[in-house]
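K.L.:
Mind having a look at this structure? Questions to follow.
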Protein chains: 2
Amino acid sequence: MSLRAGIVVTGTEVLTGRVVDRNGPWLSDRLTELGVEHAYTLIVGDRPQDVHDALRFFAERGCDLVVTSGGLGPTEDDLTAQVVADFQQRPVALDVPLEERIWKILEGVRSRWPDIDEEAIRAANRKQALVPAGATVLEPVGTAPGLLVPPPDGTDGPLVVVLPGPPRELKPMWGAAVEEPVLKAVLERATSYELRMLRLFGIPESEIAETLRVARDGGVDIDALEITTCLRGGEVEVVTRYEPTQASIYGAFEDVVRARHADTLFSDDGTLVDDQVADALLGAGETIATAESCTGGLVAARLTNRPGASRYVRGAIVAYDNAVKTAVAGVDPALIDEHGAVSEQVARALAAGAIARLDADVGVGITGIAGPDGGTAEKPVGLVWFAVLHRDGREMVRSLVIPGGRDDVRDRSTTVALHLVRRLLLGTGGLPER
Amino acid sequence: MSLRAGIVVTGTEVLTGRVVDRNGPWLSDRLTELGVEHAYTLIVGDRPQDVHDALRFFAERGCDLVVTSGGLGPTEDDLTAQVVADFQQRPVALDVPLEERIWKILEGVRSRWPDIDEEAIRAANRKQALVPAGATVLEPVGTAPGLLVPPPDGTDGPLVVVLPGPPRELKPMWGAAVEEPVLKAVLERATSYELRMLRLFGIPESEIAETLRVARDGGVDIDALEITTCLRGGEVEVVTRYEPTQASIYGAFEDVVRARHADTLFSDDGTLVDDQVADALLGAGETIATAESCTGGLVAARLTNRPGASRYVRGAIVAYDNAVKTAVAGVDPALIDEHGAVSEQVARALAAGAIARLDADVGVGITGIAGPDGGTAEKPVGLVWFAVLHRDGREMVRSLVIPGGRDDVRDRSTTVALHLVRRLLLGTGGLPER
C-alpha cells in the first residue's frame with residue numbers, strides 16, 4: 001500500500017510571498033526519498049481555522065502523515081502547535097524542563113541585545129514549551145521545539161510532525177524526527193520508488209512531448225512510469241518515478257531520449273550544470289574568472305555558490321560602466337566605439353581581459369541589453385553576447401536574443417554562460433549543434 | 001461580506017521545488033489589492049484527481065474565486081483546463097479560430113528550431129485550443145490561452161480563472177482577466193482594505209511581539225487590526241491589514257512602533273532597502289562600486305537588479321583570490337599578511353580600492369568566511385567584515401558573525417551591506433545604534 005503525506009506551510013508572509021518557501025520543496029524531496037507519496041503542499045495564513053482546515057483536508061484524503069512548517073515562533077500569530085494539539089484532541093501542558101532548556105538557548109540572544117527586557121523574552125517564548133499530551137518533543141535547533149503529535153487515541157488519522165519555519169532549524173529537526181519510533185512506525189509502510197532525472201539544454205519542452213509519443217509508438221510502455229517534464233530557466237528536466245520492477249521499461253525510455261537528444265542532454269545523474277562546471281575545473285586543475293556587464297555579477301555569484309569555490313574561481317570584474325570595461329577589464333576603447341558595448345568583439349575582449357587581469361585559465365565575457373530600456377532595432381532588448389575563451393585557444397562564442405523582462409534576461413544569461421563553459425570544458429551535450 | 005479566494009498552483013516540478021513558485025505570491029498580492037481575502041495556496045502535482053480535490057477543497061470552504069496557475073502546456077501532464085472543465089461540468093470543444101491563432105504564434109518557435117516536425121508541434125498544441133462550454137477565453141501571451149470558467153449553471157460555486165504557469169504569461173493575462181465582465185461581477189462584492197508595511201532591520205522578531213503587548217497594554221485596540229510579523233533575511237516586516245474605518249487605531253499602533261524602534265525602522269511605505277539605496281544615489285548624483293570576497297558578486301548583482309542601475313552602479317571587483325585582491329582591487333599585500341584576508345583592514349582596503357579603481361563615490365568592501373570550511377577559533381565561519389566608505393570621508397564599518405550555512409552567510413551579508421550603504425547615505429534608521 002502506498003503511503004501518502006501532505007505538507008502544511010503556515011505563515012501569512014509565505015502565502016503572500018514576502019518569504020519564499022523553501023521548506024515545502026525540501027520536505028517533498030525527503031518524503032519522496034523515503035518512498036512516501038507527497039500529493040499536496042498547502043500554504044495557509046496565520047489563522048487557527050485555516051490551519052485546522054488544512055489538517056482536515058489531508059486527514060480526509062487519507063494521508064498517513066502531515067508535516068507542518070512554521071508558526072512556532074514567539075509572536076502571537078505563531079499558533080501551529082496549539083492548532084495541531086486541538087486537531088489531535090490532545091490538551092497541552094507546560095513542560096518545565098523544556099522551558100528551562102529554551103531559556104538557556106536564549107542566553108545568546110539576550111547577550112546580543114542587552115537592552116531588551118528579559119521577562120519580555122521569557123514570556124514570548126514560554127508558549128514554545130507547551131506540549132500536547134502524548135506528543136514526542138524534538139529538541140530545538142533554534143529556540144522552538146518540534147513535535148510529533150499522534151492522532152486521537154483509538155483513531156487512524158495522520159501523525160502530524162510539527163517543525164519550525166527557518167530552514168536551518170527545520171532540516172536537522174526533520175533528521176531527528178525520522179529517528180523517532182513513532183514516525184519510523186509510519187514510514188515502514190512506504191513503498192520504495194526509483195527516481196531518475198534527465199536534464200537537457202537548448203530544446204523546447206514540446207520536443208519532449210514528441211519524444212514521449214515516439215517512445216510509446218515504439219512499444220515502450222511509458223504509462224508504467226510516472227514521467228513529469230518541466231522547463232526551468234531554459235533547461236528541460238525529465239523526471240521519472242517508477243517501481244523497481246519497471247526498471248527495464250525506464251531503461252528503454254531513457255534510450256529513446258538519448259538517441260533523440262544526444263546533443264542537448266547534459267545530465268543523467270542529478271548533477272546540475274554548476275556541479276559539472278565545478279568538477280571539470282577541479283579535475284583539470286584550472287581556474288575561471290568572469291567579466292560581466294548585463295549580468296552584474298550573477299555568474300560570479302553562481303560560480304562561488306559552492307563550498308570550495310576558492311579552489312577554481314579567481315574572481316570577476318563587473319564592468320557595468322564602459323569606463324570600467326576599459327580601465328579595469330582592459331577592453332580597447334576603440335572596440336566599443338566601433339562595434340558598440342554589446343558586440344561580439346567586446347564580449348571577446350571582456351573574456352580575454354578576465355583571463356589576463358585575473359590570471360585565469362578560462363574567461364567568461366558577457367555583454368547585453370537587459371532592458372527594459374536601451375534596445376534598438378538592430379540591438380533589441382534581450383540581445384546578449386557571450387564569449388567563453390580558454391587560454392589554450394578553445395572558445396565558445398554565441399549571441400542570443402532572450403525573451404522576457406530584465407530578470408529573465410539576467411537569469412537566463414547566467415544559465416547560458418554556465419552551459420557554454422560546460423560545453424567548452426566537456427566537449428559534448430548541453431547545447432544544440434549549429 | 002468578505003470575498004474569499006484560493007490559488008491552485010499545479011505542477012509536480014513546483015510541488016517538489018525544482019521550480020520555485022512565483023505565481024502564488026504574485027496572485028496573492030493582486031487579490032489582496034482587490035480586497036479579496038486570500039486564504040490558501042494549494043500546490044498539487046500533475047494528477048487529475050489531485051487538481052480536482054484542490055478545486056473541491058476551495059469550493060467546500062465557500063471560496064468565491066479560484067485562480068489556477070500552470071498545467072496548460074503542450075505535454076501530456078498538462079491537464080488543468082480539462083480538470084476545471086470537468087469540475088464545472090462544462091464539456092470542452094475545439095475552438096478552431098483559436099487553434100489558428102495559436103498556430104500563428106508558433107511560427108516563431110518553428111523558425112527557431114527548423115528541424116522539428118511541424119505536425120508534432122501542431123498535435124501537442126491542439127489541446128490548448130479546447131474550450132469549456134460557457135467559458136471566456138483569455139488570449140495567449142505565450143502559446144496557451146487562459147480561461148474564465150463559471151460554476152455549473154444554477155449553482156453558486158466559485159468562478160475558476162485558469163492561467164498558464166510562466167510568470168511572464170500569467171501576469172499580463174491576469175491583467176486581461178480582471179477586465180472581463182464575468183470576473184468583474186465577482187470582484188464587485190469585495191470589501192476594500194488598507195494594507196501597510198513597516199520594515200525594521202537590526203532587531204529580533206521577539207521585540208515586535210513585545211511591542212504588540214506594549215501597544216495593547218497602552219490601550220491600542222490592536223485586535224481590530226490584522227497584524228502579521230515575519231523575519232526575512234534579517235529584516236523584520238510588520239504587515240497590517242485593516243478596514244478603512246480602523247485607520248486611527250492603525251495610526252496609534254504605528255506611533256508605538258515608531259517610538260520604540262526609531263533607530264531600526266527603515267521603511268514605512270513599502271520601499272525595500274534596495275529602492276532606498278538606489279534613490280539616495282540617484283538623488284545625490286553619486287555612484288557606487290563594490291569589491292567583494294565572500295559574497296562573490298551578490299551585492300553587485302543586487303545593486304544592478306533594478307532598471308536604470310547603470311546610472312549609479314560603476315561596477316564591481318569580485319576578489320575571491322587574494323592575488324586578485326591585491327592586483328585588481330589594490331589591497332596592499334602587507335595588510336593581508338599582517339591581519340589576514342578577513343579583517344577590518346582588508347575590508348577597508350577593498351572599499352577604498354573599489355572607489356579608486358572603479359572611480360566611484362561610494363565603495364563597499366566585504367570579506368568573510370562563508371564556510372563550511374576555513375573557520376578558526378579566532379575567526380569562525382560566518383565572520384564577515386564590512387566597510388562602506390564615501391569619498392567625502394563618511395564611513396560605516398562593522399563586523400558580524402552570521403549564523404547558518406554558506407547560503408545564509410552570503411545572503412545575509414548582502415542585505416547587511418545594503419543596509420550599511422543606506423545608513424551611510426541617509427543617516428538614520430535601519431541599524432541599531434551602538
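The values are calculated or read from the model by the stated rules, or taken from the named source; none is laboratory data. Here the structure is a predicted model, which is why all the values come from computation and not from measurement. Virtual Cβ from ideal backbone geometry, glycine too; neighbours counted across all protein chains shown. Just so you know, the surface numbers come from the protein's heavy atoms only, side chains and all, with ligands and any DNA or RNA stripped out. Shrake-Rupley method; radii C 1.70, N 1.55, O 1.52, S 1.80 Å.
K.L.:
Run down B:Gly202, B:Gly175 and say which single residue is of a type in the set (Gly, Ala, Ser) and outside the structural domain of B:Val67 (by TED's automatic domain parsing).
P.N.:
Criteria check complete, one pass: B:Gly202.
K.L.:
For residues that are in contact (Cβ under 8 Å) with a residue 60 or more places away in the chain and open to solvent by less than 30 Å² (accessible area, probe 1.4 Å), scanning just the range A:251-270, find the one that is nearest to the chain's Cα centre (by Cα).
P.N.:
Among those residues, the one meeting the criterion is A:Ser267.
K.L.:
With (1) outside the structural domain of A:Leu198 (by TED's automatic domain parsing); (2) touching a strand residue (DSSP E or B) at 6+ places or on another chain (Cβ under 6 Å); (3) not charged (D, E, K, R) as the list, and A:Thr240 as the residue in question, which single condition is left unmet?
P.N.:
For A:Thr240, the exception is condition (1).
K.L.:
Scan the range A:202-214 and tell me whether some residue there is over 25 Å from A:Asp77 (Cα atoms), in contact (Cβ under 8 Å) with a residue 60 or more places away in the chain and within 13 Å of another protein chain (Cβ to nearest Cβ).
P.N.:
Looking for residues that are over 25 Å from A:Asp77 (Cα atoms), in contact (Cβ under 8 Å) with a residue 60 or more places away in the chain and within 13 Å of another protein chain (Cβ to nearest Cβ), one finds at least one in the range A:202-214, hence yes.
K.L.:
Here is a further query. Please specify each residue of the range A:211-228 satisfying the condition of being modelled with pLDDT of 90 or more, open to solvent by 40 Å² or more (accessible area, probe 1.4 Å) and not in a helix (DSSP H, G or I).
P.N.:
Passing the criteria: A:Gly218, A:Gly219, A:Asp221.
K.L.:
Please find, within the range B:347-361, the residue that is nearest to the other protein chains (Cβ to nearest Cβ) out of those that are open to solvent by less than 10 Å² (accessible area, probe 1.4 Å) and part of a helix (DSSP H, G or I). Reasoning before the result, please.
P.N.:
From the range B:347-361, those open to solvent by less than 10 Å² (accessible area, probe 1.4 Å) are B:347, B:350-351, B:353-354, B:358, B:360; that's our starting set.
Restricting the remaining residues to those that are part of a helix (DSSP H, G or I) gives B:347, B:350-351, B:353-354, B:358.
Values: B:Ala347: 16, B:Leu350: 12, B:Ala351: 15, B:Gly353: 11, B:Ala354: 10, B:Leu358: 6 Å.
The qualifying residue nearest to the other protein chains (Cβ to nearest Cβ) is B:Leu358.
K.L.:
Go through the range B:246-339 and tell me which helices (runs of 4 or more DSSP H), entirely inside it, have 2 or more residues that are more than 10 Å from chain A (Cβ to nearest Cβ).
P.N.:
Passing ranges, in order: B:247-260, B:273-284, B:333-339.
K.L.:
Any residue at all in the range B:366-373 that is more than 30 Å from the chain's Cα centre (by Cα) and over 30 Å from B:Ser267 (Cβ atoms)?
P.N.:
yes
K.L.:
On the basis of being facing chain B (nearest Cβ under 10 Å), among the small types (Gly, Ala, Ser) and in a loop (DSSP other than H, G, I, E, B), does A:Gly62 make the cut?
P.N.:
So A:Gly62 fails the test.
K.L.:
Another question, if that's okay. Taking the options B:Leu424, B:Leu389, name whichever one is more than 19 Å from B:Leu298 (Cα to Cα) and of a type in the set (A, V, I, L, M, F, W, C).
P.N.:
Values: B:Leu389 fails: more than 19 Å from B:Leu298 (Cα to Cα).
The conditions single out B:Leu424.
K.L.:
Restricting attention to the range A:276-292, which residues are in contact (Cβ under 8 Å) with a residue 12 or more places away in the chain and open to solvent by 10 Å² or more (accessible area, probe 1.4 Å)?
P.N.:
Within the range A:276-292, A:Gln276, A:Ala280, A:Leu282, A:Ala284, A:Glu286, A:Thr287 meet the criteria.
K.L.:
In the range B:338-374, which residues are out of contact with any His (no Cβ under 9 Å at 6 or more places or on another chain) and either acidic (Asp, Glu) or at pLDDT below 95 (or both)?
P.N.:
Those that are out of contact with any His (no Cβ under 9 Å at 6 or more places or on another chain) and either acidic (Asp, Glu) or at pLDDT below 95 (or both): B:Glu338, B:Glu344, B:Asp359, B:Ala370, B:Gly371, B:Pro372, B:Asp373, B:Gly374.
K.L.:
Select, from A:Thr245, A:Thr240, the only residue that is surrounded by 15 or more Cβ atoms within 10 Å (Cβ to Cβ) and of a type outside the set (D, E, K, R).
P.N.:
The match here is A:Thr240.
K.L.:
In addition: Evaluate the following for A:Leu231: is it touching a helix residue (DSSP H, G or I) at 6+ places or on another chain (Cβ under 7 Å), of a type in the set (A, V, I, L, M), in a strand (DSSP E or B) and modelled with pLDDT under 90?
P.N.:
In short, yes.
K.L.:
On to the next question. Within the range A:116-133, how many residues are touching a Phe, Trp or Tyr at 6+ places or on another chain (Cβ under 8 Å) and among the charged types (D, E, K, R)?
P.N.:
Residues meeting the conditions: 1.
K.L.:
What is the one condition in (1) within 14 Å of chain B (Cβ to nearest Cβ); (2) modelled with pLDDT under 85; (3) open to solvent by 60 Å² or more (accessible area, probe 1.4 Å) that A:Arg189 does not satisfy?
P.N.:
Failed condition: (1).
K.L.:
A follow-up question, please. Just checking, which of A:Arg22, A:Arg18, A:Arg30 is touching a Phe, Trp or Tyr at 6+ places or on another chain (Cβ under 8 Å) and surrounded by fewer than 24 Cβ atoms within 10 Å (Cβ to Cβ)?
P.N.:
Among A:Arg22, A:Arg18, A:Arg30, only A:Arg30 is touching a Phe, Trp or Tyr at 6+ places or on another chain (Cβ under 8 Å) and surrounded by fewer than 24 Cβ atoms within 10 Å (Cβ to Cβ).
K.L.:
Hey, could you check the range A:387-414 for residues that are open to solvent by less than 30 Å² (accessible area, probe 1.4 Å) and under 20 Å from A:Arg199 (Cβ atoms) and say which is nearest to the other protein chains (Cβ to nearest Cβ)?
P.N.:
Looking at the filtered set, the residue picked out is A:Thr414.
K.L.:
Considering every residue within the range A:415-431, establish whether at least one is assigned to a loop (DSSP other than H, G, I, E, B), on the phi > 0 side of the Ramachandran plot and open to solvent by 40 Å² or more (accessible area, probe 1.4 Å).
P.N.:
Yes, the range A:415-431 has at least one match.
K.L.:
Which ones in the range A:1-24 are facing chain B (nearest Cβ under 10 Å) and part of a loop (DSSP other than H, G, I, E, B)?
P.N.:
If the condition is that a residue be facing chain B (nearest Cβ under 10 Å) and part of a loop (DSSP other than H, G, I, E, B), then A:Gly11, A:Thr16, A:Gly17, A:Arg18, A:Val19, A:Val20, A:Asp21, A:Arg22 are the ones that fit.
K.L.:
B:Glu119 versus (1) within 11 Å of chain A (Cβ to nearest Cβ); (2) touching a Lys or Arg at 6+ places or on another chain (Cβ under 9 Å); (3) not hydroxyl-bearing (Ser, Thr, Tyr): which is the lone unmet condition?
P.N.:
(2)
K.L.:
Which is among the aliphatic types (A, V, I, L, M) and in contact with a Leu (Cβ under 6 Å, 6 or more places away or on another chain), of B:Ala341, B:Ala319, B:Ala354, B:Ala329? Outline the logic, then answer.
P.N.:
On the way: B:Ala341 fails: in contact with a Leu (Cβ under 6 Å, 6 or more places away or on another chain); B:Ala319 fails: in contact with a Leu (Cβ under 6 Å, 6 or more places away or on another chain); B:Ala354 fails: in contact with a Leu (Cβ under 6 Å, 6 or more places away or on another chain).
Answer to the selection: B:Ala329.
K.L.:
Condition test on B:Ala144, is it touching a Pro at 6+ places or on another chain (Cβ under 9 Å), farther than 23 Å from A:Asp223 by Cβ, away from chain A (no Cβ under 14 Å) and open to solvent by less than 20 Å² (accessible area, probe 1.4 Å)?
P.N.:
Spelling it out, it is not the case that B:Ala144 is touching a Pro at 6+ places or on another chain (Cβ under 9 Å), farther than 23 Å from A:Asp223 by Cβ, away from chain A (no Cβ under 14 Å) and open to solvent by less than 20 Å² (accessible area, probe 1.4 Å).
K.L.:
Take A:Gly430 and tell me if it is within 12 Å of chain B (Cβ to nearest Cβ) and within 23 Å of the chain's Cα centre (by Cα).
P.N.:
Values: within 12 Å of chain B (Cβ to nearest Cβ): no; within 23 Å of the chain's Cα centre (by Cα): yes.
For A:Gly430, the condition - within 12 Å of chain B (Cβ to nearest Cβ) and within 23 Å of the chain's Cα centre (by Cα) - is not met.
K.L.:
Here's something else I'd like to know. Select from the range B:41-57 the residues that are at pLDDT below 90 and within 7 Å of another protein chain (Cβ to nearest Cβ) and write down the one among them that is nearest to the chain's Cα centre (by Cα).
P.N.:
For the range B:41-57, the residue satisfying everything is B:Gly45.
K.L.:
In this structure, is A:Gly308 at pLDDT below 95 and over 24 Å from A:Glu395 (Cβ atoms)?
P.N.:
yes
K.L.:
Taking B:Ile227, is it within 14 Å of another protein chain (Cβ to nearest Cβ) and closer than 25 Å to A:Gly71 by Cβ?
P.N.:
yes
K.L.:
Pairs please, first residue from the range A:70-88 and at positive phi, second anywhere and in a loop (DSSP other than H, G, I, E, B), Cβ atoms under 6 Å, 6+ apart in sequence or on different chains.
P.N.:
Cβ pairs passing all conditions: A:Gly70/A:Gly11; A:Gly70/A:Gly165; A:Gly71/A:Asp78; A:Gly71/A:Leu79.
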